[in-house]
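The values are calculated or read from the model by the stated rules, or taken from the named source; none is laboratory data. Because the structure is predicted, anything quoted here is derived from the model rather than measured. We place every Cβ from the backbone using ideal geometry, glycine too, and count neighbours over all the protein chains shown.
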């Protein structure tokens, strides 16, 4: 690929040579120049330390010595700071840009205008470039914003100018470089220099997690292994995109820039995704890749981030199928994240930047450093001035952003540094709640459409949370608490499958500036970004800081059986072939899906309004405040599911939490046991964080109804005319038939908005021995459904679902069907049975539960009724009294071998020739595991590694205590391969140890099974690790 040569000039000594910037300066400076900040002579002996810019990984354990003197430090970024009075003026200008009453409302400015009005003085920039030049640095660019200088040099020049060494580090088997101490600059320059954005190559990580099938979590009583892969058609149904698409609001004419540091593996994946899922008919949709700016090199393929790039592209087009998707990709340098280079070059270009950007990467505020935090905030601030909407994934580590991908949080509460600025939309993550409530069939069809969609309607949502600290997972598994020695996080099941920080991101900004006194922990002089004026809505705390997230969307990766489908065909980097059923394609979750989807929805808003909107948060919170008021909206509660209000703009998620397990003393409630739960208090359980009415840290405002959001957006064009649709109704909606007879109900197709198509009808849910037939099928106006029971049809009451399908439209209605043994004589005394509660839960081999069976007399019935119960094996039932006249208490208990899961208990009442039934839904959960003898488990992550000859790799060995085990474990590699040296970071170890494999250039190639032994107490365990030695 052709790359423009970088533009650079060398400034030597104190003489400033003329140097052309890569960016054209097209406008003259304003008459009122900013106050000059460099007013004293630059004295190298008088230094100021730029604090908060050393990575927590910098220590003697990881140190591998200094880099070479000429080690290239390319495209370092010097972040500048304007005078305080000018910063205040800029903030007021941005407030006016978003105030409909201001004469400056939506009067966006260019990068050149931004620099002239709000950049630092040219005299200060000249002083800085002269000083950099005196050390031999190359000046690559002075950005038009007058807030950033791109310069390059060597490690020796960095040491001389900034008084810090650049060393090699090795962290968990991966090589890095980083500054070993805080950089220093002359005191005279300190008023204008905020910091060096980065002097290391620790990069933000993609905010996605590959699919984890629900079977991996061994849920007792879950949906039997059925999984629900989210495809574009499901997205359009659940978040109500279809009315917009059918009315022509599809993102046409809009551009969405996706910020990446890798190229796409292949664009054919994107095309296959669109063709498979019915998006190819939106012919204006396009995909291009750009490398903006002359200091942006093509990154090529970065295997660890390829999946991130393609999922961004595919799910942005799913939400806005006619939009132009632009992959803005720049290579990482030894010091700077390529994504930041791409952002800066887009917003500082001479042409107007794309109106929408999406960033799917995350990093922790307390680790990222104050200079890097300021750089992203400054970029987003400029974007907001230019009318750019920036969407950023809130993160995939719950409220523990500094512990991304860890098995437990150890650094307390921390926010995603890339999302915590007041000038972007932080997008959180949810899961669907139907598996938890055992209502999968209500919301998902048993068959897929031609484009693989199966969602029937909006689905109730809960926060995305894979951790044992999730109150919903804990209760689902039969535990009353998540914490303590008897809590779920300290159970064998919890420790083996649910010790993780994977959850939707959120939390308060805590260390945007300042320096932590404890590495990676909000402490010391840390301060969060100030709360923006627009962040005011029911539920948002008066904490004075920016709170995350703003809005959420589905983001789960399979813990409750739901995940996103993607086409990612790079088999070498975790992909799968995009052929056959999409159920075999790659799957994943993460807020990195939610961010580009919400960016796509913004493209629909922009198309409808005919204008760019800049930071949309002011409108989001205004609309949410109107919907929630002072007490919330019961009709817009997400838990309503398919009965949620039709006018809701946001769905308020009120069930569940995003809490994660933890160890240590930073925001960790650990009353007993080995694992605690992330908490705002160390002395009591205050989960970080749960849902509540209105805004909350778990899901922000909530999730969106896209059509209603567009319809209610200020300045949006008149809402599109309602599209043809239909509903179904049944009359009667309740039928009673006897064995050997039939009954019928009229199914009416109710046409809406001029609907005149035929509807195909199908019935499901009828009991064994009952058949269904329609008088006309397909039907246009109505059809008679006849339900016929054989002489041996199953007795009892069930719900029959009638589904009508016409093209992409699907609707249902239900009929309550009762099958009885004989028809009672007209007006003869009779009775019916009912049960309250109609659903009970018991534990295998444990406690019992009861339900009141009521005998409802009909036609003066006064006899006694004999009661019996039947159901799954291992269930015992007793009635008191029996026979009964008015009511009887049914007590259910389960033996130690009773069948686990959810089934029906049929209660039969008999009085003479009369016999009737009712049913109770019974869930049998596994008992909490009994206390075990002290023991431990060994595991390795990853358990399969590849290492090159003359290189190193590492795996984390985790020791999971069982039954109160508290002895150290001695670790031993039984059979190291020839030419491979194996060593442990801690031996003996208590919880974890890093096993490092080092090879020589002559180590034989091949694949080896390495056996690891652990000795602890009176117990020995072994595991195997696969090690492949490659060239």
Considering every residue within the stretch 951-959, establish whether at least one is within 32 Å of the chain's Cα centre (by Cα), more than 20 Å from residue 60 (Cα to Cα) and loosely packed, with under 15 Cβ neighbours inside 10 Å.
-> no
Is it the case that the stretch 282-297 has a residue that's surrounded by fewer than 21 Cβ atoms within 10 Å (Cβ to Cβ), out of contact with any strand residue (DSSP E or B) (no Cβ under 9 Å at 6 or more places or on another chain), in contact (Cβ under 8 Å) with a residue 12 or more places away in the chain and within 26 Å of residue 252 (Cα to Cα)?
-> yes
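Consider residue 878 carefully, then state whether it is in a strand (DSSP E or B), over 21 Å from residue 799 (Cα atoms) and at pLDDT 90 or above.
Numbers: in a strand (DSSP E or B): yes; over 21 Å from residue 799 (Cα atoms): yes; at pLDDT 90 or above: yes.
Taking the combined requirement at face value, the residue satisfies it.
Go through the stretch 779-838 and give me each residue that's on the phi > 0 side of the Ramachandran plot and surrounded by fewer than 18 Cβ atoms within 10 Å (Cβ to Cβ).
Taking the stretch 779-838 as the starting set, the residues that turn out to be on the phi > 0 side of the Ramachandran plot are 796, 807, 827.
Answer for the stretch 779-838, where residues must be on the phi > 0 side of the Ramachandran plot and surrounded by fewer than 18 Cβ atoms within 10 Å (Cβ to Cβ): 807, 827.
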Note on the stretch 572-617: residues at pLDDT below 95, assigned to a helix (DSSP H, G or I) and in contact with a helix residue (DSSP H, G or I) (Cβ under 9 Å, 6 or more places away or on another chain) are 572, 573, 582
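Could you please find all residues in the stretch 978-1004 being part of a loop (DSSP other than H, G, I, E, B) and modelled with pLDDT of 85 or more?
Restricting attention to the stretch 978-1004, the residues satisfying the condition of being part of a loop (DSSP other than H, G, I, E, B) are 978-979, 985-988, 990-991, 1000-1004.
Matches in the stretch 978-1004: 985, 986, 987, 988, 990, 991.
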Residue among 642, 540 that is in contact with a helix residue (DSSP H, G or I) (Cβ under 9 Å, 6 or more places away or on another chain), over 24 Å from residue 435 (Cβ atoms) and in the same structural domain as residue 386 (by TED's automatic domain parsing) = 540
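Give, as residue ranges, the strands (runs of 3 or more DSSP E) completely inside the stretch 56-155 that count at least 2 residues that are within 28 Å of residue 422 (Cα to Cα) and either in the same structural domain as residue 178 (by TED's automatic domain parsing) or modelled with pLDDT of 95 or more (or both).
Working: elements: 63-66, 72-80, 138-142, 148-154.
The strands (runs of 3 or more DSSP E) meeting that bar are 72-80, 138-142, 148-154.
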Counting only residues that are within 30 Å of residue 870 (Cβ to Cβ) and not in a loop (DSSP other than H, G, I, E, B), how many does the stretch 774-796 have?
-> 6
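Only one residue in 921, 896, 913 is under 30 Å from residue 859 (Cα atoms) and at pLDDT below 85, so which one is that? First the steps, then the outcome.
On the way: 896 fails: under 30 Å from residue 859 (Cα atoms); 913 fails: at pLDDT below 85.
None of the others qualify; the one that does is 921.
Inspect the stretch 475-482 for any residue being outside any loop (DSSP other than H, G, I, E, B) and at pLDDT 95 or above and give the result as yes or no. Give the steps one after another, and end with the answer.
First, the residues of the stretch 475-482 that are outside any loop (DSSP other than H, G, I, E, B): 475-476.
Keeping just the survivors that are at pLDDT 95 or above gives none.
Scanning the stretch 475-482, I find no residue that is outside any loop (DSSP other than H, G, I, E, B) and at pLDDT 95 or above, so the answer is no.
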Hey, among the residues in the stretch 254-278 that are out of contact with any helix residue (DSSP H, G or I) (no Cβ under 6 Å at 6 or more places or on another chain) and in a loop (DSSP other than H, G, I, E, B), which one's farthest from residue 609 (Cα to Cα)?
-> 266
Of the conditions (1) in a loop (DSSP other than H, G, I, E, B); (2) in contact with a helix residue (DSSP H, G or I) (Cβ under 8 Å, 6 or more places away or on another chain), residue 965 clears all except one; give me its number.
-> (2)
Quick check: anything in the stretch 302-323 in contact with a strand residue (DSSP E or B) (Cβ under 6 Å, 6 or more places away or on another chain), crowded, with 24+ Cβ neighbours inside 10 Å and not in a helix (DSSP H, G or I)?
-> yes
Does the stretch 842-851 include one or more residues that are surrounded by fewer than 18 Cβ atoms within 10 Å (Cβ to Cβ), part of a loop (DSSP other than H, G, I, E, B), under 46 Å from the mean Cα position of the chain (by Cα) and in the same structural domain as residue 746 (by TED's automatic domain parsing)?
-> no
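Going by the conditions given, is residue 654 buried (at least 21 other Cβ atoms within 10 Å of the Cβ) and not assigned by TED's automatic domain parsing to the domain that holds residue 107?
Numbers: buried (at least 21 other Cβ atoms within 10 Å of the Cβ): yes; not assigned by TED's automatic domain parsing to the domain that holds residue 107: yes.
Yes: the conditions hold for residue 654.
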Filter the stretch 221-247 for residues that are at pLDDT 95 or above and part of a loop (DSSP other than H, G, I, E, B); which is nearest to residue 437 (Cα to Cα)?
-> 239
If you scan the stretch 662-688, which residues turn out to be farther than 19 Å from residue 415 by Cβ and not in a loop (DSSP other than H, G, I, E, B)?
-> 669, 676
